[in-house]
Structures are given as structure tokens and as C-alpha cells.
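Written below as C-alpha cells is the structure these notes are about.
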Amino acid sequence: MYNKEILHSAEIKFYKNNGYLVKKELISKNIINKINQKVKNLLLDKKQEKYFEFLKFGNKKYCVRLLNPHRVDQVFSNILKDKKIIHIVNTLLGGSTRFHHSKLNFKPSTKKGGLIDWHQDWAFYPHTNDDLITVGIYLEDCFEINGPLKVIPGSHKSRVFNHHENNFFVGKINVKKEKIDISKAKNLIGPAGSVTFHHVRTLHASSLNLAKHSRPLLLFGYSSVDAWPITYDKGNSIDPNVNLKSYDKLILKGKPSIQPRLENVPIRIPLPRKSDSIYQLQKKK
């Protein structure tokens, strides 16, 4: 059994004010070890390469992402429904929760690439309201040297920034042009099993991983049930206009509804785009 008081009122207030929260060692070492063993087995199995994304940095090819891990193995679909995580997410979202997407970013150890530029998740998948949250689970210890997730506190209350360049969606912000003070950024660090939560409009990025090993971060996205997608998002892969029954099966807390909540939130459609990979979108010419 888990303690329903795992999320305190002060933490809820902190999240609302800052747009992020870190819960140290929320997931047990036993579960983290099981996930890591599964990841190791998948990486060793050549037949599973179709589920991975690889990029070339310099003369070497690196594995940067496991695509839709919840569809690859039960160990991932189990952890996305973890009672502690869902309790926190459901509270922060206001009482209902729908699963949105999953990915596992490896953050390879290299000085030549692997960083993620500043962006807002909201730019990739706008909805009728912004009650969406991204959850990150560190599968290894993650500190400054590992290129941790970093956020700008309070930025979720700011405007939605332009993620287009030369009339194409590139999934990143020109921080100089937008005059964003990145010196205010906070590194979200913690030992393996720590879990990060950030609002869909929170400005975030991650630096190079300068450690000797990769820095795997398992990511899950969730939304309130009454937040409906404005445009089709391949990351979710279920379009409610095409398959409402399957879309409703993604509800983890709350009841199905065809009445979306409309909020006055700024939206820019993430089109046209040349790729669905953030690595390819942000790739420097």
C-alpha cells in the first residue's frame, strides 16, 4: 500500500507557482532494477531495433530513444499506472487523468551531441486546455554532470513561445530573440527512482551528458480527461476522431466525456514539420 498523503499541500502550492516538482526516490529500487534489466535486454536484441531511434554524432551512432515503450513491454505499461505517480498526477491535474504518450530518452554520453534545446511541450501537442503534465523517471542517478532536465520556474505562467523557424515547426525556442533569461534555470537532479513532474507549458531543456554512461529518463505524458487535442499528435497515436473507444481506454481516473473544457490559452499549430522526432527537428544545420 502507498501513502495517499505522499503529496503535501506545500508541494501542490509549489507546483502551481513554479510549474514543476521533484519527488526523490519515489519508485523503489526493485522496480527500477526490473526496468533497467528489460532495457538492457531490448538493446541487446537486434530484432527490437525497430523500436529505437538512433542518431549519428561525429563518426559514431548512438541510441537516443526507445519509442512508445508502453507498447513494447508490460514493465513500462505497468509503471505508467503506478499508484503513487497517478495519485500525484491526478491531484495536480485537478481530479481526472488520461494517459497521453511515453518515451525513454537515453541521453548518450558524448560531447558532440545529445542536448535538447529549450522548448515547451505545449508547442508539440496543444489541447483545449493546458491541464497536461509530463512525468520523468530517472532510471540511473542523475546529477549536473549527467545533463539533467532543467526548467525555468514560473515559466508555465508566461506566454507560449514561437517554436517555428523559416516557417517550419522546429520544436525549439530562440532564447536570445525571445529574451529568455536561462540563468534562472533549475536542474532537476536526484538518485535513481526520483520522479520529476512539469507542466506542459514549463520551459525546459537538458544539456550534454558528460558522464561515462548514458542517462536514461523514462517519460510519460498525461492530460485531464476534458483536455482534447487540437491537432493530431503522432506521439499519442490515437486520434479520438478516428477511434473514440480506444481513446477513452486511455482514461486512468475519471469518466469519459465528449464535452471538452475550453480555456483561453494561446495556441500555435505545430505545422508544417519535417519530422516527428525532436532530435531531427532541433538538429542544427
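Every read-out reported here was derived from the displayed coordinates using simple, explicitly stated rules and does not represent laboratory data. Please read these numbers as outputs of a predicted model, since none were measured by experiment. Glycine also receives a Cβ, built like all others from the backbone with ideal geometry; neighbour counts cover every protein chain displayed.
Structural remarks
- Between Leu210 and Asn167, residue separation times 0.36 nm minus the direct Cα-Cα distance comes to 12.1 nm.
- Between the stretch 267-285 and the stretch 134-186, the Cα center-to-center distance that results, in Å: 15 Å
- FRET efficiency estimate (nearest 0.05) - Cβ-Cβ, Ser158 to Asn264, R0 22 angstrom: 0.90
- Stretch gain in nm, segment Asp276-Lys61, where the contour uses 0.36 nm per residue and the Cα spacing is subtracted: 75.5 nm
- Listed peptides 21-32, 203-214 by packing density, highest first (mean Cβ within 10 Å): 203-214, 21-32
- Rh by Kirkwood over Cα pairs, then Stokes-Einstein D for the stretch 162-214 at 1.306 mPa s and 10 °C, µm²/s: 114 µm²/s
- nm² value of the averaged projected area, convex hull over the Cα atoms of the stretch 34-112: 6.7 nm²
- Summarising the label geometry, the points placed 7 Å from Cα in the beta-carbon direction at Ser237 and Asp181 lie 4.2 nm from one another.
- The alpha carbon gyration tensor of the stretch 107-186 gives principal lengths a ≥ b ≥ c with a/c of 1.5 or higher and a/b greater than b/c, which makes the shape prolate.
- Gyration tensor (alpha-carbon) shape descriptor, the stretch 148-192, a/c threshold 1.5: prolate
- Note on Ser9 and Leu43: the model spin-label points, each 7 Å out from Cα along the C-beta direction, lie 4.5 nm apart.
- Equivalent ellipsoid, the stretch 55-193 (semi-axes from 5 times Cα gyration tensor eigenvalues, Å): 24, 22, 16
- Ellipticity at 222 nm from helices only: DSSP H runs of n ≥ 4 in the chain, each -39500 (n - 2.57), divided by the residue count, give -5500 deg cm²/dmol.
- For the stretch 126-248, the spread of Cα positions along each principal axis, largest first, Å: 45, 36, 25
- Computed over the stretch 195-252, the percent of Cα pairs more than 13 Å apart is 74.
- Convex hull volume per residue, computed on the Cα atoms of the chain, equals 139 Å³.
- Counting all C-alpha pairs of the stretch 179-285, share separated by more than 20 Å (%): 60 percent
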